[in-house]
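**Student:** Attaching a single structure in structure tokens format; questions to follow.
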């Protein structure tokens, strides 16, 4: 229990010695005491380090959310087996930037943590969130409007992006973003149709090389004004042999 000391603005905690905090067969009151200490901003780094090894995810999560938790300990808790503990560590303002970056690109990063990191002031962290294959669709849709070209390009490369997001990226002002969308095997037909009339030859060529490019678009690209685009369409394995033979007769 945390009580305010008489005549003082300081808080103190009525607890057993820290060395006893992780003993087995704890009573309910003792568990509450440990949780109390884990959330106490005046807890010592040594006490928090001991509680970070506690078998209870609730206690470890409380340590991860403690504003006084040392950065090195937050890095350790960001790799905790329990996803709620990992989320708490990422939400802690004291969590080091390099830990946030590593968390953002981890394939098992919880969706809640990715959503939180998508609002980072660092474009590189937002880029890593956008690259994560487990990034939720709504978060990717939000990042598709990011001011950073690198972030939007990362979304365009992510196969988990929603169809509407691909259509948005197909009309992006930056050619690098449109090229990434055109090269993504998950790009839907509606977006490919927009990219097939792009003003950049290399983007139309990327559409022509798409394994999932529909026959109608391939036929259109066979007549493209750019020779490399026409050749890419002719080399697409989805093009029927008879259509390829007809094209070869006229080119």
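**Student:** Give the angle, between 0 and 90 degrees and rounded to the nearest 10, that separates the Cα long axis of helix 241-250 from the longest principal axis of the Cα atoms of the chain.
**Tutor:** Around 50 degrees separate the two axes.
**Student:** Here's another thing I want to ask about it. For region 48-76 and region 170-236, compute the distance between their C-alpha centroids and round to whole Å.
**Tutor:** 50 Å
**Student:** Another question, if that's okay. Could you rank the peptides 71-79, 181-189 by their average count of other C-beta atoms within 10 Å per residue, with the highest value first?
**Tutor:** In decreasing order of mean packing, 71-79, 181-189 become 181-189, 71-79.
**Student:** What FRET efficiency would be calculated for the residue pair residue 98, residue 186, taking the C-beta separation as r and a Förster radius of 30 Å, to the nearest 0.05? Working shown, then result.
**Tutor:** Working: r = 30 Å, r/R0 = 1.01.
Taking R0 as 30 Å, the efficiency between residue 98 and residue 186 is 0.50.
**Student:** Comparing 199, 58, 159, which has the greatest mean-square fluctuation in the GNM of the chain with Cα pairs linked when under 10 Å apart?
**Tutor:** 199
**Student:** Which of these values of mean projected area of the Cα convex hull in nm² was calculated from the structure shown: (1) 11.4; (2) 17.5; (3) 14.9?
**Tutor:** Recomputing mean projected area of the Cα convex hull in nm² here gives the entry labelled (2).
**Student:** For residue 244 and residue 174, what does the FRET efficiency come to when R0 = 35 Å and r is the distance between their Cβ atoms, rounded to the nearest 0.05?
**Tutor:** Efficiency at R0 = 35 Å is approximately 0.55.
**Student:** Measuring from label point to label point, each 7 Å out along Cα→Cβ, what is the residue 57 to residue 200 span in nm?
**Tutor:** 4.3 nm
**Student:** Now, a different point. Roughly how tilted is helix 28-39, in degrees to the nearest 10 and between 0 and 90, from the longest Cα axis of the chain?
**Tutor:** 60 degrees
Just so you know, all these numbers are worked out from the coordinates, no wet-lab data involved. Small disclaimer: the values here were computed from a predicted structure and weren't measured. Don't worry about glycine lacking a Cβ; one is built from the backbone with ideal geometry, like all the others, and counts go over all protein chains shown.
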